[in-house]
Amino acid sequence: MIRETRPDVLITDIKMPFMDGLALSGLVSKEIPNTKIIIISGYDDFEYARQAIRIGVEQYLLKPITKVTLIKALGEVSEKINSEREQESYMERFRSEVQEYEQFSRRRFFEEIVTGQLSVEEIYEKANQQGIAIHAQSYNILMYSITARHGQQGDSAVSEALQEAHDGLTHFFMMYPEYLMFRWNIQTYAVLIKAGHGQMEELTGRCLDTIRMHVLPIESRAEWHVAIGEETTRLSGLPACFDEVSRIYACRHLLDGRNVLTRENTLALMECEQEGSLKNIDMSQFDPSVLRRFLENGQSDELDNFIDEYIGKTHGAAISRLFCQYLMLNVRFTAIAYLESLGYEQKEFIDDFPNVQLAARGLTDVELKEYIRSILARAFELKEKKSKNQSKTVILQALEYIDRNFTDETISLKEVAGYVNVSANYFSAVFSQEMQQTFVEYLTGKRMERAKELLRGSDLRSAEVAARVGYKDPHYFSFVFRKTQGCTPRDYRAAANAKH
């Protein structure tokens with residue numbers, strides 16, 4: 001019955017047939033630790049009481065027991081249960097609020113892993129610090145993005161639908177310990193899949209099916225891509241796994257219409273049976289729209305992978321002069337048209353482009369890649385400069401709004417994003433990137449600093465301070481204050497007064 005009902009309170013005698021009360025209490029404490037135990041005993045023996053204390057029994061009552069004594073004991077236990085539940089609800093709320101911070105922290109941890117900055121021992125150490133279970137028999141990395149289709153970026157209904165999809169996926173990945181999700185950049189997420197023996201295919205399939213399910217309702221208005229890496233059995237193999245999935249993911253710009261990318265279905269882009277020949281080249285991949293799509297949706301850290309796949313592997317062979325000129329002009333004119341669409345004039349960048357006359361002597365694939373890279377790198381530099389200026393404007397407007405309204409309990413990331421006229425998902429990414437802390441961290445920090453000012457410089461009660469900094473529930477305010485400042489509001493005030 002205890003296992004089925006999981007009671008809040010168990011009242012048991014010590015002397016019972018089959019199993020005594022202390023043995024029963026020990027089992028219950030181990031299996032259902034939240035159950036409060038009251039032992040009733042006719043034995044005035046300190047050894048029984050000592051064992052009860054060790055087990056964690058709440059009350060030890062000696063017979064005969066009066067009604068008043070039992071009611072008093074139950075009242076005390078009831079208060080403790082209510083207090084613990086209140087604390088748990090506060091902790092759940094706090095965990096929910098800092099979830100965004102945890103994702104930001106994990107992003108940095110993930111970057112250190114996949115760029116090879118950490119040894120295996122350091123990975124385990126940092127994982128323990130962040131409460132991440134990292135050990136598994138095998139690992140893989142999956143990258144995905146869900147973005148508005150061209151021409152629908154400013155549609156509020158589309159932004160809301162995309163946010164709903166992202167929130168649903170975040171919730172899914174947080175539910176299952178086999179997945180660790182990280183935001184890689186503003187548009188891209190990465191998922192580290194941790195599998196037991198023979199589980200990787202099933203876990204990868206479940207992950208892919210869930211992404212499809214969340215995209216399906218908005219597929220006509222959104223573009224989505226998933227890249228799946230190659231499984232590795234060692235943590236030390238994750239940098240190579242990430243390099244491979246990044247290469248695969250970069251192929252989304254070249255394989256228009258393909259949503260799921262793997263090593264198998266992108267391999268054709270890497271192979272050229274006749275070195276230096278146009279015979280086996282799919283000329284459709286050199287369509288200017290491919291370059292334009294990459295400039296619009298790609299990231300600068302994808303440049304090398306994209307260029308490798310864009311012009312193919314020719315193993316250092318000399319390339320036809322005509323083909324060189326075609327590619328060089330294609331890249332040059334596409335970059336010029338794109339930068340002009342951003343509002344730049346040619347005089348602001350044209351001198352930074354290498355001279356197209358280089359093709360007159362014929363180029364090797366290495367030289368051609370370097371030519372293309374220099375143009376695209378400059379285009380990305382100017383694109384990111386424009387984006388950074390826009391982001392700074394967004395952040396400045398957001399900070400002003402937060403400074404005016406941080407004492408309003410209802411203020412939220414979504415509300416601020418709406419004020420600066422961007423999607424909540426984009427605002428969250430930009431805010432973390434520009435401020436090096438999340439929206440929730442910044443908001444909580446503002447509130448705590450104001451609370452400390454009021455505690456130091458006024459006689460307001462803690463509940464009044466809570467209300468003035470955006471917390472209707474004074475108990476939750478005290479909980480957050482203690483979590484973030486390391487002491488209670490009362491202790492902080494006492495310490496501040498002692499200094500003066």
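Computed values, structure above
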quantity: Every pair of residues 6+ apart whose Cβ atoms lie under 8 Å, when the first sits in the stretch 344-355 and is over 17 Å from Ser387 (Cα atoms) while the second is aromatic (Phe, Trp, Tyr) and at pLDDT 85 or above; calculated: Pro354/Tyr371
quantity: Residue that is modelled with the lowest pLDDT [pool: residues in the stretch 153-194 that are β-branched (Val, Ile, Thr) and either open to solvent by 20 Å² or more (accessible area, probe 1.4 Å) or over 11 Å from the mean Cα position of the chain (by Cα) (or both)]; calculated: Ile186
quantity: Single match in Ser41, Ser25, Ser29 (criterion: over 45 Å from the mean Cα position of the chain (by Cα), surrounded by 15 or more Cβ atoms within 10 Å (Cβ to Cβ), within 22 Å of Glu76 (Cα to Cα) and small (Gly, Ala, Ser)); calculated: Ser41
quantity: Any hit, the stretch 379-391, residues being surrounded by 16 or more Cβ atoms within 10 Å (Cβ to Cβ), aromatic (Phe, Trp, Tyr) and in a helix (DSSP H, G or I); calculated: yes
quantity: Near pairs, Cβ below 7 angstrom, 6+ apart or cross-chain, from the stretch 65-92 (open to solvent by less than 70 Å² (accessible area, probe 1.4 Å)) to any residue that is among the acidic types (Asp, Glu); calculated: Val77/Glu58; Ile81/Asp8
quantity: Yes/no for Tyr139 being touching a Lys or Arg at 6+ places or on another chain (Cβ under 8 Å), modelled with pLDDT of 85 or more and assigned to a strand (DSSP E or B); calculated: yes
quantity: Only one of Arg447, Arg404, Arg493 that is open to solvent by 70 Å² or more (accessible area, probe 1.4 Å), farther than 30 Å from Glu348 by Cα, among the basic types (Lys, Arg) and out of contact with any Pro (no Cβ under 6 Å at 6 or more places or on another chain); calculated: Arg404
quantity: Pick from the stretch 195-213, criterion touching an Asp or Glu at 6+ places or on another chain (Cβ under 8 Å) and either within 21 Å of Arg247 (Cα to Cα) or not small (Gly, Ala, Ser) (or both), ranking: surrounded by the fewest Cβ atoms within 10 Å (Cβ to Cβ); calculated: Gln199
quantity: Complete set of residues in the stretch 438-473 that are farther than 20 Å from Asp403 by Cβ and either among the β-branched types (Val, Ile, Thr) or within 30 Å of the chain's Cα centre (by Cα) (or both); calculated: Lys472, Asp473
quantity: Neighbours by Cβ (under 8 Å, 6+ apart or cross-chain): first from the stretch 39-51, among the polar types (S, T, N, Q); second open to solvent by 80 Å² or more (accessible area, probe 1.4 Å); calculated: Ser41/Lys15; Ser41/Lys63
quantity: Number of the exception - Ser246 against (1) open to solvent by 10 Å² or more (accessible area, probe 1.4 Å); (2) farther than 16 Å from Tyr139 by Cβ; calculated: (2)
quantity: Pairs with Cβ under 7 Å, 6+ apart, first in the stretch 451-466 and within 9 Å of Arg493 (Cα to Cα) and open to solvent by less than 10 Å² (accessible area, probe 1.4 Å), second in a helix (DSSP H, G or I) and of a type outside the set (A, V, I, L, M); calculated: Leu455/Pro489; Leu455/Tyr492; Leu455/Arg493
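The values are calculated or read from the model by the stated rules, or taken from the named source; none is laboratory data. Since this is a predicted model, take the numbers as computed values, not measurements. Quick reminder, even Gly has a Cβ in these numbers, built from the backbone with ideal geometry, and neighbours come from all protein chains shown. Ligands, DNA and RNA are stripped out before the accessible areas are found, and what is left, the full protein with its side chains, is counted by its heavy atoms. Shrake-Rupley method; radii C 1.70, N 1.55, O 1.52, S 1.80 Å.
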